[in-house]
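Enquirer: One structure is given below, represented as structure tokens, and several questions about it will come after.
The values are calculated or read from the model by the stated rules, or taken from the named source; none is laboratory data. All values reported here derive from a predicted model rather than from experimental measurement. Backbone-built Cβ (ideal geometry, glycine too); neighbour counts: all protein chains shown.
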């Protein structure tokens, strides 16, 4: 799966990046995305043509990559997880607010090597990929970057809420089942009352006729 661009940013400032030739257009889109990333930890995917911009934001650092939209999200987030792990292992206490943050650009060769490895061997590190899928791609949102670039704040946000939808569906089924049970008992009571009234009327009629 090709990964034409990968970068690490401190807030909206790109500290280190690696990209293929002809992928410069992704940089401007990535810069736009960086300005809209909230300060809290988050994991999102932005759709742009046939590509997806995936990012992980934690502790002021943003790890971002571009990948083919048909390739799904598992491997891109496995790649970002590996980038984050390598970056923190080489820089145990990097501070995004530190004036020395730009000097972390020495990570560029490592970033490029990881990008090339994942681009040429998409099935490498299956255990790490599975861990990244379970631990990192749970509440990913997808936004249309074309609308971000052309309409500013008028963004169409597509939130992946599979788990929430499933819970809502289960709750709805329970409420529907409870409502059906309530209606059934109500019908039984109505029919029972009607039968009782009919029986009383018949007994009254019989007593009149034979009285």
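Enquirer: Scan segment 1-37 for residues that are in a strand (DSSP E or B), more than 21 Å from the chain's Cα centre (by Cα) and over 16 Å from residue 59 (Cα atoms) and jot them down.
Expert: 16, 17, 18, 19 - these are the residues of segment 1-37 that are in a strand (DSSP E or B), more than 21 Å from the chain's Cα centre (by Cα) and over 16 Å from residue 59 (Cα atoms).
Enquirer: Go through segment 50-64 residue by residue and tally those that are free of Cβ contacts under 8 Å to residues at least 24 places away in the same chain and either surrounded by fewer than 20 Cβ atoms within 10 Å (Cβ to Cβ) or in a loop (DSSP other than H, G, I, E, B) (or both).
Expert: Going through segment 50-64, the residues free of Cβ contacts under 8 Å to residues at least 24 places away in the same chain turn out to be 50, 57.
Applying the additional criterion that residues be either surrounded by fewer than 20 Cβ atoms within 10 Å (Cβ to Cβ) or in a loop (DSSP other than H, G, I, E, B) (or both) yields 50.
Counting residues in segment 50-64 that are free of Cβ contacts under 8 Å to residues at least 24 places away in the same chain and either surrounded by fewer than 20 Cβ atoms within 10 Å (Cβ to Cβ) or in a loop (DSSP other than H, G, I, E, B) (or both) gives 1.
Enquirer: On the given criteria, is residue 132 touching a helix residue (DSSP H, G or I) at 6+ places or on another chain (Cβ under 6 Å), at pLDDT 85 or above and in a helix (DSSP H, G or I)? Please lay out each step first, then the result.
Expert: Working: touching a helix residue (DSSP H, G or I) at 6+ places or on another chain (Cβ under 6 Å): yes; at pLDDT 85 or above: no; in a helix (DSSP H, G or I): yes.
Answer is no for this residue.
Enquirer: Return yes or no: is residue 47 part of a strand (DSSP E or B), modelled with pLDDT under 90 and in contact with a strand residue (DSSP E or B) (Cβ under 7 Å, 6 or more places away or on another chain)?
Expert: Judged against the criteria, residue 47 is a match.
Enquirer: Take residue 112 and decide whether it is modelled with pLDDT of 80 or more, over 25 Å from the mean Cα position of the chain (by Cα) and either surrounded by fewer than 20 Cβ atoms within 10 Å (Cβ to Cβ) or not assigned by TED's automatic domain parsing to the domain that holds residue 31 (or both).
Expert: Against the criterion (modelled with pLDDT of 80 or more, over 25 Å from the mean Cα position of the chain (by Cα) and either surrounded by fewer than 20 Cβ atoms within 10 Å (Cβ to Cβ) or not assigned by TED's automatic domain parsing to the domain that holds residue 31 (or both)), residue 112 qualifies.
Enquirer: Collect the residues in segment 37-49 that are loosely packed, with under 15 Cβ neighbours inside 10 Å and touching a helix residue (DSSP H, G or I) at 6+ places or on another chain (Cβ under 9 Å), keeping them in residue-number order.
Expert: Within segment 37-49, 49 is the sole residue that qualifies.
Enquirer: Another question about this same structure. Is it the case that residue 91 is at pLDDT below 80, under 21 Å from residue 8 (Cβ atoms) and surrounded by 15 or more Cβ atoms within 10 Å (Cβ to Cβ)?
Expert: Yes: the conditions hold for residue 91.
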